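A short reminder: the numbers here are calculations on the coordinates, not readings from a lab. No experiment lies behind these values; they were computed from the predicted model shown. Backbone-built Cβ (ideal geometry, glycine too); neighbour counts: all protein chains shown.
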Amino acid sequence: MRFVVPDDRRIRLGTYRAVLAGLAARATGRVLVWTFAVQGPHGTTTLTATSSPHFGAGTPARAWAEALLNRELAPGEVVESGDLLGRPCLVVVLELLDGSAHVVQVHPVVEE
């Protein structure tokens, strides 16, 4: 009898260091797609998250932008995607039942 060990070196539930690698609006403009380069236990993996494009208080887009900038945004402040790209952060990854992984939270990197 022979057994084959599957390649299950995927990102699992947890918090990982990451960098925002991309930020784009879907064709409808109603959804932002955030792409993170996540440093997992087996190298770097690309994971995505989605949010609305609204930056009001309590929205994921605003919280994630503030985490990437490591500061609160001021009322009326303009944030360009280029201000966020390449910024380090910590991401919380949720593994779904189908085995796929998605970023569900973004936190600032706190330097020690």
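Among LEU47, LEU94, a tally of other beta-carbon atoms within 10 Å of each Cβ gives an order, fewest to most, of LEU94, LEU47.
Legend: translational diffusion of region 14-107 by Stokes-Einstein, Rh = Kirkwood radius over C-alpha pairs, 37 °C, 0.692 mPa s; D = 242 µm²/s.
Using C-alpha pairs under 8 Å with a sequence gap of at least 6, the mean separation divided by the residue count of the chain gives a relative contact order of 29 percent.
Under a point-charge model restricted to the Cβ atoms of Lys and Arg (+1) and Asp and Glu (-1), what is the dipole moment magnitude of the chain relative to its Cα centre, in debye to the nearest 20?
So the magnitude is around 360 debye.
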